1. Can you show me the helix-derived [θ] at 222 nm for the chain, built from DSSP H runs with n ≥ 4 at -39,500 (n - 2.57) apiece and divided by the number of residues, rounded to the nearest 500.
2. By its C-alpha gyration tensor, with a ≥ b ≥ c as the square roots of the eigenvalues, how is the range 167-208 shaped: rounded for a/c under 1.5, else prolate for a/b larger than b/c, else oblate?
3. With the full set of protein chains in place, find how many percent of the accessible area of the chain is carbon and sulfur; take the probe as 1.4 Å.
4. Shape call for the range 288-373 from the C-alpha gyration tensor, a ≥ b ≥ c root eigenvalues: rounded (a/c under 1.5), prolate (a/b greater than b/c) or oblate?
5. For the chain, just list the percent of Cα-Cα distances falling in each 10 Å bin from zero outward, please.
6. For the range 1-103, restrict the atom set to alpha-carbon positions and state the Rg and Dmax in Å.
7. Indicate, rounded to the nearest 5 percent, the antiparallel portion of the DSSP beta bridges found entirely in the chain.
8. Roll a 1.4 Å probe over the protein chains and send me the accessible area per residue for the chain in Å².
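The values are calculated or read from the model by the stated rules, or taken from the named source; none is laboratory data. What you see is a predicted model; the values in this text were computed from it and never measured. Glycine gets a Cβ as well: all are built from the backbone with ideal geometry, and neighbour counts include every protein chain shown. Ligands, DNA and RNA are stripped out before the accessible areas are found, and what is left, the full protein with its side chains, is counted by its heavy atoms. Shrake-Rupley method; radii C 1.70, N 1.55, O 1.52, S 1.80 Å.
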Amino acid sequence: MEKTQKPALKLKRLQEMPVLGKRVLVRVDFNVPLHEGEVSDDSRLRAALPTLRYLMEAKAKIVLISHLGRPKGKPEEKYSLKPVARALEKIIGAPVSFSPECVGTQAEKAALSVKAGEVILMENLRFHAGEEKNDPDFAKGLANLGEIFVEDAFGAIHRAHASTVGIPKILPSCVGFLVQKELEFLDRVIGNPARPFVAIIGGAKVSDKLGVLNKLLDRVDTLLIGGGMAYTFLLAQEVSIGKSLLEKDRVPDAQAVIDKSYVKKVTCLLPADHLAVSEIKPGVKVSVTQGMAIPNGLIGADIGPHTIEIFLEEIEKAKTIFWNGPMGVFEIPEFAAGSRAIAEAMAKAGKNGAVTIVGGGDSLAVLSQTGLSEEMSHCSTGGGASLELLEGKILPGLSAISS
Ligand code: AMP
């Protein structure tokens, strides 16, 4: 049976490492949204809890490193991880010290001062250009902070950065519990999913999703395509799409996906109707199209009620459901109905025993809007990483750790 990584990588796991009393450097993904200096969604902090609790109980000296946002290689106050340290304290119910530097003498001194069972969070890795450039000296500076390295930043393992591939060259390394859980769920999708297996793929960009669509066609029974990317597929089927989102140069690729679905005997469904508008903004007049076609001058902003009905029928029958990408411009409430309906149907299918897996920041945002995150079997913390794994790519952050 083909597995997530090809060839299978042998990854050392945290539970196999002698962490008792050791200084353990953990790469976490604390790239959380901040609003007025406060963490507005702490899901990614909570996702790191199993690893943190394990290390605290093992009386390790815990040194956390992460990136936040895109500060372009120099310090920027709005991307400081300091508020994240405060939010983490509340979640773990223990003090979290903060180091305003992540490399250099002061940072090393701060890391050395951590006592058994205590936690320190270092400042944003991306305040240094060496992080994204995978600079060996920067990686060495980071490696000086610990004796053992734990990779638990699932959202960052598809990047070849100093903290993901540079450190494992220097320190004994393993994967933490979050990365293990993510791999286990994606393996279920790729390995031996309960059937029928339905994948729902949406979002704006066809080009980002082509690899995963092609791979999914080897696995799924049904593929539901929605969101802005669906219009490139509809045009490939010679359906008029008005002024809707289009990646013209991807029309042949879209057609190839549809052709492959016939060969593979996969039911591939495109939107059968749409919410159409003259402009994508709140408060505009919305009309429901009579069929697949979008009238001249109008834009498809969400899947229509008939499409919802058809998609839900497939989801109801499914035993494994994977969803990545919104069905419409969900950020505007008028165009969120399609995505919300998918979330609700998945929650219902989950209650009836289906395995439900959601990846991608936008789909997760829809889940938290609808309060349904807890209802899913698994919410992936890394949209990009989960798509690349499903495509069968070998992720740099994992091959760096494999023995
Ligand atoms: P992606 O990053 O490719 O997954 O795309 C996510 C974005 O797709 C979200 O910001 C949505 O607003 C956008 N989106 C979904 N449906 C549409 C649509 N019909 N037209 C334009 N944008 C869309």
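1. Taken over the chain, the calculation gives -10000 deg cm²/dmol.
2. It is oblate, given that a/c is not under 1.5 and a/b is not larger than b/c.
3. Carbon-and-sulfur percentage of accessible area, whole number: 52.
4. oblate
5. Final binned percentages: 5, 22, 29, 23, 15, 6, 1.
6. Values for the range 1-103 (Cα only, Rg and Dmax): 15.8, 49 Å.
7. Expressed as a percentage, antiparallel bridges in the chain total about 15.
8. Heavy-atom accessible area per residue stands at 42 Å².
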